[in-house]
Structures are given as C-alpha cells and as structure tokens.
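Here is the structure we will look at, set down as structure tokens.
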Amino acid sequence: MDKAYELNDIVEMKKKHPCGVNRWAIIRMGADIRVKCEGCGQLVLMPRREFERKMKKVLVKADATES
C-alpha cells in the first residue's frame, strides 16, 4: 500500500478525533508533522514516524498548482 502524502493533503487516521471527525489536513511537514482537524480545527504536532504509523490513507491529494 502506498502511503505517499504531501503538504495540504487531507488524510484519514486510524482513530477518530474526540470531536467525531476523521479528516486531517497536513499543514506543516519536516521532522515533525502538524495536522489540523477538519471538524474542530484542533492542531496536533507529532513526529513523522508516529504520523506514518497512525495514518490510514490519503483521502484528498493537494492540487499541484497551489504552490
């Protein structure tokens, strides 16, 4: 399974956020990855290794022309 992800992609995690939504936008990438809950706007920062373990799949790919 290919888990390729980029900045501004919408991803699904293995567990839902307490607000009940399971859609996260990637807003920062580096050694750590910051994601934003699409439901309540909560920001979560986690190490890349942890993010890759918890991510289930990419729901929406970022548009290449946004940059």
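Once you sort the root eigenvalues of the Cα gyration tensor of the chain as a ≥ b ≥ c, which label holds: rounded (a/c under 1.5), prolate (a/b larger than b/c) or oblate (the other case)?
rounded
Along the charge dipole of the chain, which of Trp24, Val35, Met13 sits closest to the positive end, that is, farthest toward it, with unit charges on the beta carbon of Lys, Arg, Asp and Glu (+1, +1, -1, -1)?
Met13
Near Leu43, within a Cβ-to-Cβ distance under 13 Å, what is the net charge of the other residues, with Lys and Arg +1 and Asp and Glu -1?
+1
Compute a Gaussian network model of the chain, connecting alpha carbons closer than 10 Å, and tell me which residue from Arg34, Arg53, Arg23 fluctuates the most.
Arg53
Read-outs: derived from the displayed coordinates by stated rules, not from any lab. Keep in mind the model is a prediction, meaning the values are calculated, not measured. Every residue, glycine as well, gets a Cβ built from its backbone with ideal geometry; the counts of neighbours run over all protein chains shown.
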